[in-house]
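Only one structure is covered here, and it is reproduced in the block below.
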């Protein structure tokens with residue numbers, strides 16, 4: 001009988017890193033650990049009023065060491081010695097400026113406290129002007145390099161962000177040599193060489209966030225980029241042409257990092273990718289399935305065959321990239337810039353008088369959403385209900401507009417707090433429906449919906465509302481850590497344990513814990529409320 005083999009999937013989220021140790025034979029989750037980023041937890045280097053969200057590279061390094069160490073301590077030496085591979089997912093676009101050795105500038109003493117020298121988190125919106133510049137130029141250029149990223153380049157993506165950092169702080173320019181996405185850097189770091197020209201670059205991130213495409217030979221040419229701003233010429237010759245998919249082994253765990261993590265040196269390291277794309281793999285995505293990753297924001301992932309997609313480009317989404325999700329298929333990404341964040345905003349709003357006037361126990365604030373949910377579930381549904389727009393953090397898709405704002409319509413003196421909460425939940429469901437309908441309009445096949453993420457697992461009210469609004473059943477994956485599980489599946493492929501991602505999915509997929517079926521009568525009312533949502537959006 002063969003010795004059991006295990007892999008590690010590491011999921012770098014917005015607030016913390018998760019490490020999952022998985023049995024490659026059946027996907028059994030042996031142990032896991034979660035570690036918060038210490039500086040991020042203190043709110044350092046961020047300014048929400050300016051939409052600035054930065055993370056220090058030491059947060060990633062220190063949390064990774066602690067997280068893997070805790071997970072291995074739980075599972076014991078026998079499991080640890082039979083770990084054969086490790087793969088990663090991260091948020092994106094989360095880039096950082098680097099020096100000639102590929103070291104993030106914030107790891108240099110002179111820039112250790114400089115937010116522009118740190119990783120720029122995916123939800124940072126400081127680069128609005130830079131995104132406008134790139135979009136204006138793309139529409140006038142002979143080739144529209146935004147064609148395969150929905151027709152609009154976002155301020156959340158790499159070229160806008162690195163240009164903003166260089167414009168905002170001239171002191172960085174002398175040391176800046178290249179840039180790197182979080183998922184590429186962490187893989188290269190553990191392999192022992194972060195030299196910009198040598199490290200493997202994720203096709204997933206490059207295609208969806210950096211305008212990389214085979215049609216024009218990789219990244220946009222520097223003639224285009226320097227026409228937007230000559231500062232982007234700093235990177236010429238220091239980036240990449242080729243990219244690799246998540247089923248590619250990019251190196252082996254170096255001795256230093258094997259010692260720091262408590263793993264065997266030489267185990268396989270897989271190419272990293274965007275968290276939601278990897279989560280879709282962990283959920284068991286196949287053509288025709290839409291995977292909704294439901295957390296603080298949402299990400300909607302679909303894959304299509306080459307024959308189905310052809311040369312069409314879907315309008316208003318976050319990109320379509322060959323192999324970005326499943327190798328051998330075109331991956332599509334869309335999503336909402338705020339989802340759970342909207343519920344959290346409303347909770348803070350409701351908690352303000354408790355905090356300021358009643359000096360309440362902070363634990364009471366945690367009950368606010370529970371009570372709102374319980375009451376909202378009991379409210380009747382009618383055509384006269386308030387309707388909200390879910391654009392509190394701008395609109396990601398369809399048709400990116402980071403300047404869009406949330407709205408409440410149809411309020412009366414009888415409108416209650418639970419009714420407002422219900423309208424906000426419905427707004428997030430309407431936003432999801434708008435994404436689905438855009439995909440379908442553009443010829444992307446969606447036969448069924450699978451949900452993963454904290455909200456999918458914890459809120460039956462949100463999930464039933466979603467099913468009633470969209471009008472199709474939604475199944476919820478049983479794993480709490482589908483992203484880390486997807487990374488572990490990729491690790492099993494690069495370690496040679498499974499011959500393909502499809503084989504790894506078949507062996508390691510976790511199944512489903514719940515299914516929400518739409519109520520036809522409620523769906524009919526939601527059709528009319530959704531029409532009001534669309535009309536309200538058209539007036540903004």
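Applying 1/(1 + (r/R0)^6) with R0 = 45 Å to the Cβ-Cβ distance of residue 255 and residue 15 gives a FRET efficiency near 0.90. Using C-alpha pairs under 8 Å with a sequence gap of at least 6, the mean separation divided by the residue count of the chain gives a relative contact order of 16 percent.
Using packing as a proxy for protection, rank 306-319, 209-222 so that the peptide with the highest average count of other Cβ atoms within 10 Å comes first.
Details: 306-319: 17.1, 209-222: 19.4.
Packing order, densest peptide first, comes out as 209-222, 306-319.
Beta bridges per DSSP, both residues in the chain: antiparallel share near 70 percent.
From the square roots a ≥ b ≥ c of the eigenvalues of the alpha-carbon gyration tensor of the chain, which class results: rounded (a/c under 1.5), prolate (a/b over b/c), or oblate? Provide the component values of the computation, followed by the final result.
On the way: a/c = 1.42, a/b = 1.24, b/c = 1.15.
Since a/c stays below 1.5, the shape of the chain is classed as rounded.
What is the spin-label model distance, in nm, from residue 365 to residue 26 if the labels are put 7 Å beyond Cα along the C-beta direction? Result: 4.3 nm between the two label points.
Given 0.36 nm per residue, what is the gain on full extension from residue 414 to residue 522 after removing their alpha carbon distance, in nm? Let's see the in-between values first.
On the way: separation 108, 0.36 × 108 = 38.88 nm, distance 2.22 nm.
Length gained, residue 414 through residue 522: 36.7 nm.
Of the beta bridges in region 1-150, as assigned by DSSP with both residues counted there, near 70 percent are antiparallel. Distance from the Cα centroid of region 337-384 to that of region 418-440 is 18 Å (rounded to whole angstrom).
When only Cα pairs below 8 angstrom with a gap of at least 6 residues are kept, region 447-523 shows a relative contact order of 41 percent.
Would you please classify the overall shape of region 466-506 from the alpha carbon gyration tensor, given that a ≥ b ≥ c denote the square roots of the eigenvalues, rounded means a/c under 1.5, and beyond that prolate means a/b larger than b/c while oblate covers the rest?
Here region 466-506 falls in the prolate category.
The slack in the chain from residue 534 to residue 358, taken as 0.36 nm per residue of separation less the alpha-carbon distance, amounts to 59.4 nm. Region 267-325 to region 59-130: how many Å between their Cα centroids? Result: 22 Å between the Cα centres.
Model label sites at residue 448 and residue 78, defined 7 Å from Cα along the beta-carbon direction, differ in position by 3.7 nm. Mean separation of Cα pairs under 8 Å and 6 or more residues apart, divided by the residue count, gives region 181-305 a relative contact order of 24 percent. Can you compute the FRET efficiency between residue 344 and residue 513 using 1/(1 + (r/R0)^6), with r the Cβ-Cβ distance and R0 = 30 Å? Round to the nearest 0.05. My answer for the efficiency is 0.80.
Computing FRET efficiency as 1/(1 + (r/R0)^6) for residue 383 and residue 458, where r is the C-beta to C-beta distance and R0 is 30 Å, gives about 0.50. Between residue 198 and residue 307, the modelled labels are 4.4 nm apart [label points 7 Å from Cα along Cα→Cβ].
Ordering 342, 446 from the fewest to the most neighbouring beta carbons within 10 Å gives 446, 342.
None of the figures in this text is laboratory data; all of them are computed from the coordinates on show. As the structure is a prediction and not an experimental result, all values here were calculated from the model. With ideal geometry, Cβ positions are generated from the backbone for all residues, glycine too; neighbour counts draw on all protein chains shown.
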